[in-house]
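For reference, the structure discussed in these notes is given below.
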Amino acid sequence: MLAAVDHVRLEERGAKVVRDDEPPSHRRFCSEDPVGNRPEFLEPIRTRAG
């Protein structure tokens, strides 16, 4: 599972990060690696009920 701060670590290393608020029940962002791949990261937001 990805940590909520992974986008910060990518940005600190000079990677472009694009955040997306859809779906609202998840943290979602994508980045680009040096060879042009575009990995997407998606993590459910945990609630007290779930």
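What net charge is computed for the residues neighbouring R28, neighbours being all others with C-beta under 11 Å from the C-beta of R28, Lys and Arg scored +1, Asp and Glu -1?
The answer is -3.
Of the trypsin sites (Lys or Arg not before Pro) in segment 5-35, which ones lie in a loop per DSSP and count no more than 10 other C-beta atoms within 10 Å?
Answer by residue number: R13, K16.
Each reported figure results from applying straightforward, stated rules to the coordinates on display, with no laboratory input. Everything numeric in this text was worked out from a predicted model, so none of it was measured. Please note: Cβ atoms are built from the backbone with ideal geometry, for glycine as well, and neighbour counts cover all protein chains shown.
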